[in-house]
Amino acid sequence: MTSKNATECLQANAEGIARAVQILESGELVAVPTETVYGLAARADSPEAIAKIYAAKGRPEFNPLIVHVSSLEMARELAEFDTRALDLAKRYWPGPLTLVLPLYENAPIARAVTAGLSTIAIRMPAHPVASAIIEQLGMPIAAPSANRSYGLSPTKPEHVYASLVDDCPALVDGGSCEAGLESTIVALRAGGTWRLLRPGPIPKEALSDLLGPEERGSAEQIEAPGQLERHYSPGKPLHLNRTKPKPGDFMIGFGEIEGDVNLSPGGDKAEAAARLYDCLHIAAASDKAGISVAPIQPHGIGKAINDRLKRAAA
Ligand code: AMP
Ligand code: MG
């Protein structure tokens with residue numbers, strides 16, 4: 001059986017990239033590999049194209065999108081970069097760090113991208129395919145994770161197909177995503193303070209080294225839906241910090257704690273981050289009623305892994 005609207009599968013070569021650019025130009029969506037997860041991309045200046053992202057994901061319209069650029073110049077046409085923003089961009093771009101900055105009023109961005117906010121989330125992906133697509137398109141793309149809202153993020157093409165079934169016109173096949181976890185999001189306030197909105201591959205300690213201590217007092221306030229308690233849901237009960245599976249559970253091991261799959265037999269947290277969603281997808285597709293996960297020490301990227309697991313378990 002073919003699906004209602006079969007996804008056009010493009011290769012990660014010059015021809016595939018040119019076709020992806022053509023589809024994006026026409027206002028359609030393309031799933032694009034990045035170093036974090038697969039993104040569902042649309043040209044950022046078109047209200048119609050952006051509306052298709054929200055519809056395909058079933059995403060609430062109050063949840064703003066991250067805009068992806070291929071150069072600092074492109075980013076600086078959208079938002080005000082103070083010296084802190086420039087320092088962070090110089091150090092971490094291209095890479096898995098998203099900056100939330102004051103949006104220029106006349107920026108060529110559809111209002112729905114920022115959900116009407118006066119700030120915008122921007123990042124420069126470190127993936128040659130994503131970068132080439134944006135550069136050839138000649139404008140930023142908005143690209144949230146290529147999955148239905150509240151579900152697991154996709155780190156392989158098959159995850160995208162399974163989640164978006166009929167709602168992804170095209171996909172560029174870039175294999176598995178290298179980092180495997182969504183970007184770190186940091187908001188830089190006009191007043192000089194900052195706040196971590198989502199932990200990710202760039203650890204908070206690296207940010208406070210550069211920016212000083214995080215602002216105090218607002219930790220409970222939800223600003224990014226990535227902070228919502230329930231997110232990244234595998235669709236069945238998830239039990240954390242298990243050294244043995246709960247009876248009847250699919251076990252996701254880590255290091256010496258064995259399982260039906262293992263995030264990293266050698267106990268390497270970067271490898272665990274890269275494999276996290278794939279293991280959760282496998283566990284979700286198994287015939288077991290629940291999922292148990294071995295403990296992962298909450299240091300460095302372990303913090304971001306535990307953040308995702310906690311929300312997946314909520
Ligand atoms: P996703 O694209 O699904 O990885 O989610 C993007 C995350 O960035 C969401 O949690 C958004 O709420 C957050 N985000 C995007 N724009 C802004 C903004 N202007 N202010 C705060 N958070 C934002
Ligand atoms: Mg997402």
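The values are calculated or read from the model by the stated rules, or taken from the named source; none is laboratory data. Remember, predicted model here, so these are calculated numbers, not experimental data. We place every Cβ from the backbone using ideal geometry, glycine too, and count neighbours over all the protein chains shown.
Name the residues in region 259-313 that are of a type in the set (S, T, N, Q) and surrounded by 16 or more Cβ atoms within 10 Å (Cβ to Cβ), would you?
Once the filter is applied, which keeps residues that are of a type in the set (S, T, N, Q) and surrounded by 16 or more Cβ atoms within 10 Å (Cβ to Cβ), region 259-313 yields N262, S264, S292, N306.
Only one of these is closer than 18 Å to S176 by Cβ and either more than 12 Å from ligand 1 (Cβ to nearest atom) or not hydroxyl-bearing (S, T, Y) (or both): E48, E28, E35. Name it.
E35
Mind listing whichever residues of region 232-270 are closer than 24 Å to G151 by Cβ and polar (S, T, N, Q)?
Listed by number, the residues that qualify are S233, N241, N262, S264.
Just one of I202, I120, I133, I185 is modelled with pLDDT of 95 or more, in a helix (DSSP H, G or I) and not aromatic (F, W, Y); which is it?
The unique qualifying residue is I133.
If I122 satisfies all but one of (1) out of contact with any helix residue (DSSP H, G or I) (no Cβ under 7 Å at 6 or more places or on another chain); (2) hydrophobic (A, V, I, L, M, F, W, C); (3) within 27 Å of A190 (Cα to Cα); (4) more than 15 Å from ligand 2 (Cβ to nearest atom), what's the number of the condition it fails?
With (1) out of contact with any helix residue (DSSP H, G or I) (no Cβ under 7 Å at 6 or more places or on another chain); (2) hydrophobic (A, V, I, L, M, F, W, C); (3) within 27 Å of A190 (Cα to Cα); (4) more than 15 Å from ligand 2 (Cβ to nearest atom) applied to I122, the lone miss is (1).
Cβ-Cβ below 8 Å, separation at least six or inter-chain, first residue in region 188-215 and under 20 Å from F81 (Cα atoms), second of a type in the set (F, W, Y) and buried (at least 17 other Cβ atoms within 10 Å of the Cβ): which pairs?
Matching pairs, first to second residue: L188/W194; I202/Y92; L207/W194; L211/W194; E214/W194; E215/W194.
Looking at (1) more than 11 Å from ligand 1 (Cβ to nearest atom); (2) among the aliphatic types (A, V, I, L, M); (3) touching a Pro at 6+ places or on another chain (Cβ under 9 Å), can you tell me which one I66 breaks?
Unmet for I66, out of (1) more than 11 Å from ligand 1 (Cβ to nearest atom); (2) among the aliphatic types (A, V, I, L, M); (3) touching a Pro at 6+ places or on another chain (Cβ under 9 Å): (1).
I'd like the full set of residues that are away from ligand 1 (no atom under 16 Å from the Cβ) and either part of a helix (DSSP H, G or I) or among the small types (G, A, S) (or both), limited to region 142-167.
P157, E158, Y161, A162
Yes or no: I109 outside any loop (DSSP other than H, G, I, E, B), away from ligand 2 (no atom under 16 Å from the Cβ) and not charged (D, E, K, R)?
For I109, the condition - outside any loop (DSSP other than H, G, I, E, B), away from ligand 2 (no atom under 16 Å from the Cβ) and not charged (D, E, K, R) - is not met.
Kindly indicate whether I120 is within 16 Å of ligand 1 (Cβ to nearest atom) and of a type in the set (V, I, T). So that I can check it myself, show each step before the final result.
Working: within 16 Å of ligand 1 (Cβ to nearest atom): yes; of a type in the set (V, I, T): yes.
Taking the combined requirement at face value, the residue satisfies it.
Which condition does G175 not pass, out of (1) touching a residue at least 60 places away in the same chain (Cβ under 8 Å); (2) within 16 Å of ligand 1 (Cβ to nearest atom); (3) more than 25 Å from V113 (Cβ to Cβ), if it passes all the others?
(2)
I'd like to check something: does region 144-167 contain any residue that is farther than 26 Å from G58 by Cα, within 16 Å of ligand 2 (Cβ to nearest atom) and not polar (S, T, N, Q)?
no
So in region 1-37, with the set limited to residues that are hydrophobic (A, V, I, L, M, F, W, C) and at pLDDT below 95, which one is nearest to Y54 (Cα to Cα)?
Here the residue is A6.
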